[in-house]
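Report on the structure given below.
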Amino acid sequence: MFGSDWLLEGAIMMIGRMHRVENLAADELAAMLAGPEPPLLFDIRTAAEYERSHIASAVRLDPETGPEEFAARCAALVEGRDTVFYCSVGQRSSELLERVERVCTKAGARSCRNLRGGIFRWYNEGRPVVDASGATDDIDGFDPVWSVMVERRR
């Protein structure tokens, strides 16, 4: 492990120490998405990041969404579903999941997990992302520091 993968793994480890949420690996999410009952995905990035690319079927939530707003907007959506939250690498999605996990559980979500490594790990493993026009190889690197964790596709 070296280069962007080494940096991404270091960030993932730090986030895991700071936030005690249940995580899900990208390959596990891919299997769930291909199954008969795909999870409900929440993309916890800015509108600009989401518009540039996201995992297909993801619902965007503002990173600052609070429990009350989440309950009003999403409680009916999560009932009886597995839920997966993601952002670029997992920081913003872990923070939001910590804030809304009780709401999800109370609303009847089967599980609430964070995508380990976020969309960067998903993308770096060659998994598909989409924009409003369909499949794309583009991804928002968040900023110059975090973007070094993205392995650009050729």
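For the stretch 17-130, which strands (runs of 3 or more DSSP E) that fit wholly inside it have 3 or more residues that are under 21 Å from Trp6 (Cα atoms) and under 14 Å from the mean Cα position of the chain (by Cα)? First the steps, then the outcome.
Numbers: elements: 40-43, 82-86, 111-115.
Here the list is empty.
Scanning the stretch 62-78 for residues that are closer than 21 Å to Glu37 by Cβ, surrounded by 14 or more Cβ atoms within 10 Å (Cβ to Cβ) and out of contact with any Leu (no Cβ under 7 Å at 6 or more places or on another chain) yields Cys74, Ala75.
Among the residues making up the stretch 131-142, those that are part of a loop (DSSP other than H, G, I, E, B) and surrounded by 15 or more Cβ atoms within 10 Å (Cβ to Cβ) are Ile139, Asp140, Gly141, Phe142.
Using the structure shown, decide if Glu95 is closer than 19 Å to Thr46 by Cβ, free of Cβ contacts under 8 Å to residues at least 12 places away in the same chain and not basic (Lys, Arg). In short, no. Annotation note: of Glu28, Glu37, Glu49, the sole residue that is of a type in the set (Asp, Glu) and exposed (fewer than 14 other Cβ atoms within 10 Å of the Cβ) is Glu37. For the stretch 63-73, a residue qualifies if it is of a type outside the set (A, V, I, L, M) and touching a helix residue (DSSP H, G or I) at 6+ places or on another chain (Cβ under 8 Å), and the qualifying residues are Pro63, Thr65, Gly66, Pro67, Phe70.
Each value in this text was obtained by applying a stated rule to the coordinates, not by laboratory testing. Treat the numbers as computed from the prediction; the structure is a model and nothing was measured. Ideal geometry is used to build each Cβ from the backbone, glycine not excepted, and the neighbour counts take in all protein chains shown.
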